[in-house]
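A.B. asks: There's a structure below that I have some questions on.
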Amino acid sequence: METFSFKLAILFFSILLSITSLKSSALGQNNIQSDLPLRSLVEFVRKPSVTGIETQKLFDRTRLVLYISSPSNLSYDTSREGTVIFINFVNVDWIAAPFEPRHSVGNIIEFRYSPNDIGGTLNIITERPVRLQKPFLVHSSKTPGKKIVFDLVPINKDIQELKASN
């Protein structure tokens, strides 16, 4: 019985809304005031925030972990020499602390975030050529949100010389 009365209430409310909107459009009235700018739904959605960064030296790789409030679009690329990684973010707020000496572990020498019009780029400078494995997203137990994990794997020097000669 409860479900029936709930469905009936929703139906009544829907009919009332449609009658109200038909009535105002029939009278040539608009429910939105003309002096107020129209805003899309996207503007009301909160942008993801990068809140922290962590580096770890693992057995065969260096791991960079970004703490982010919610998933975000990103792309990544590596310099020709393999010593700089570019991670491009779209529509994020970067509130993580800048590079500190404690972040310099494994192959990471330094990193720098540069904001731009559409988001920003995280540049990671490494001491030797690396390749970036496909990043993955995991749930964060430390803070609310997610972690994006980037694994930097050293490239064999012979392979790097072959790449540079092409």
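A.B. asks: What figure in square angstrom, to the nearest 10, would you give for the accessible area of Thr78 with a 1.4 Å probe?
C.D. replies: 40
A.B. asks: Hey, rough spin-label estimate for Arg80 and Ala97, points 7 angstrom out along Cα→Cβ, what's it come to in nanometres?
C.D. replies: 3.7
A.B. asks: While we're here: Could you tell me the accessible area of Arg61 in Å² (1.4 Å probe, neighbours in place), rounded to the nearest ten?
C.D. replies: About 50 Å², ignoring ligands and nucleic acids.
A.B. asks: At a probe size of 1.4 Å, how large is the accessible area of Val84, to the nearest 10 Å²?
C.D. replies: 30
A.B. asks: Just by accessible area at a 1.4 angstrom probe, what is the order of Tyr67, Tyr113, Tyr76 from largest to smallest?
C.D. replies: So the residues, ranked largest to smallest area, are Tyr76, Tyr113, Tyr67.
The values are calculated or read from the model by the stated rules, or taken from the named source; none is laboratory data. Owing to the predicted nature of the structure, the values given are computational and were not obtained by experimental measurement. Neighbour counts run over all protein chains shown; Cβ positions are idealised from the backbone, glycine included. The accessibility values were calculated without ligands, DNA or RNA, using every heavy atom of the protein model including side chains. Shrake-Rupley method; radii C 1.70, N 1.55, O 1.52, S 1.80 Å.
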